[in-house]
Structure formats: structure tokens, C-alpha cells
Amino acid sequence: MSQESKPAAIAGRLQPADGLSVNRLGYGAMQLPGPMIWGPPADKGTALAVLRRAVELGVDHIDTSDAYGPHIANELIREALHPYPENLVIATKVGVVRDEYKTFNAEADPQALRDQVEENLATLGLARLDLVYLRVGGDGMLFPAETPFEESFGALVQLRERGLIRHLGLSGVTVEQLEKAREIAPVAFVQNRFHLLDRGSLDVLRYCEDHDIAFVPYFPLVAGALNPGIDKSQLPRT
């Protein structure tokens, strides 16, 4: 089966930056660890098999974070797929860390971001990360007020200039924040929550369309809530 005919390629490709091209259908690794995205999975063999099968079906874009587990999702990706296929793009997120209560907490001062990038490099077994999102907000996680947004994004720009990051992205971002970031450096991808029941990022989606930025919706199937029995009169009309 050619790459173009594989299931993940049917929807077409995203090409938001020079040297960056991925199939529209990717794989999110958030649920690979155990319950509450914490600890190892109940069946490690199945988790590894899922990753390998996704790549067999044409997935060339995997989304992860060292906060998933923590470390577990990245370690599973490395065990299943390293040495990585030449065309595989692994995207990760920084700006959040986990505590002993299994909570996701915002942590985006420059030194913390440098540490998180180094951790992702180590757990994935990479010398450079293809795509790094700065997790800004959404889902109740507010960007730390003590760290200016521009300062945090600038820290990732410096890491890109050092060769540790190839492309930059933003997650949970507003149009205003996206515009501020683009004044500092190019933004290749934006990842916001977006689905039929939540179109709160429609303005961000349209901005990305107008400026050739790839928009990656997370939680796109609402964990199975999109089913024929749903009351469609409650769906947004925009």
C-alpha cells in the first residue's frame, strides 16, 4: 500500500511551514498512560501495538507531552517506534506539569520551559523536537500571571535558535495571543479545543485559515459524545 492510499492520508495533508507536511489525521497519545493520564497502562502490549498500527495506517503526526504519565506516553512512543520513521513528526506540549495530586498545573517561566523541553528530548530519545506547543490556557488552566506570555514564547524561540526545536506552536490560545506570538516568531500550528459541541475557538480557526497556520482540534470527538442519539437542536449554529 502506497503512503498516499493509506487511511490516514485520505483526508489530505497540512503544510503550514517549509519542510513540515503531515497527514490531517494524526494520533493523540494522551490516553496511552493509565487512568487519569497517570502511571503505566493496564496493558502495555496493547498500547505499543496501537502506536505501531497507527503508523502502519499512515499516521505521520503524533501528539504527546511529557506531562502525560508523567513521562509514560513519551516512553511508550519511544519503545514502540524508535528509531523513528523518517517522515514521522512528533509534536509535544510544554507549559504544564503534574503534581502529586495528578493535577495539570501551568508552569511556563523560561527555566521551567527549558527543563520541560530537555525532558521531552530525553524521554522521546531525540536530539531535536519537530514541533513544540506552548500550552497557554483553556479548560480552566490560565497562563501564569507572573510570567508574561511574550517572555515564555520568547524562551521557546531561543531554544529553536539553539537547534532544539524545529517548529513552534500554541495551544489553548486566543487570537490576541496568537498575534502577539507572530510578532516574535512564526507559528506553524495552533491546537485548541474544537468540536460540534464547542466552537468557542471559531475565531482562532478563521484566523489560522487566513494566515496559513495549521489548526489542530483537540478533543474532536468529545470522548464518544458525538452519537446519533444526541439532541442536535442543542448544537451550535455557527
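The values are calculated or read from the model by the stated rules, or taken from the named source; none is laboratory data. Computed from a predicted model, the values in this text were never measured in an experiment. Quick reminder, even Gly has a Cβ in these numbers, built from the backbone with ideal geometry, and neighbours come from all protein chains shown. For the accessible areas, the whole protein counts, side chains as well, though only heavy atoms, and no ligand, DNA or RNA atoms are used. Shrake-Rupley method; radii C 1.70, N 1.55, O 1.52, S 1.80 Å.
Summary of values
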item	result
For region 80-139: Kirkwood Rh in Å [reciprocal of mean 1/r, alpha carbons]	12.7
Probe 1.4 Å, accessible area per residue of the chain, Å²	51
Cα→Cβ-extended label distance, 7 Å offset, between S5 and H82, nm	3.4
Residue of Q116, Q191, Q158 that the Gaussian network model of the chain assigns the largest fluctuation, springs spanning Cα pairs under 10 Å	Q158
Carbon plus sulfur fraction of accessible area for region 1-101, probe 1.4 Å, in percent	55
Gain upon complete extension [K102, E179; 0.36 nm per residue less C-alpha separation]	24.5 nm
For region 37-84 and region 169-222, distance of Cα centres in Å	25
Taking N as its residue count, the alpha carbon Rg of the chain over 2.2 N^0.38 Å	0.99
Two-site FRET efficiency, L202 against A127, from Cβ-Cβ distance with R₀ of 45 Å, rounded to 0.05	0.75
Label point at R162 placed 7 Å out along Cα→Cβ; residues across region 31-72 whose backbone nitrogen lies under 18 Å	66
Rounded, prolate or oblate (a/c below 1.5 giving rounded, otherwise prolate when a/b exceeds b/c) for region 1-71 by Cα gyration tensor	oblate
Among F153, F215, F194: highest mean-square fluctuation, GNM of the chain, C-alpha pairs under 10 Å	F194
Spacing of the two label points (7 Å from each Cα toward its C-beta) at M36 and E151, in nm	3.2
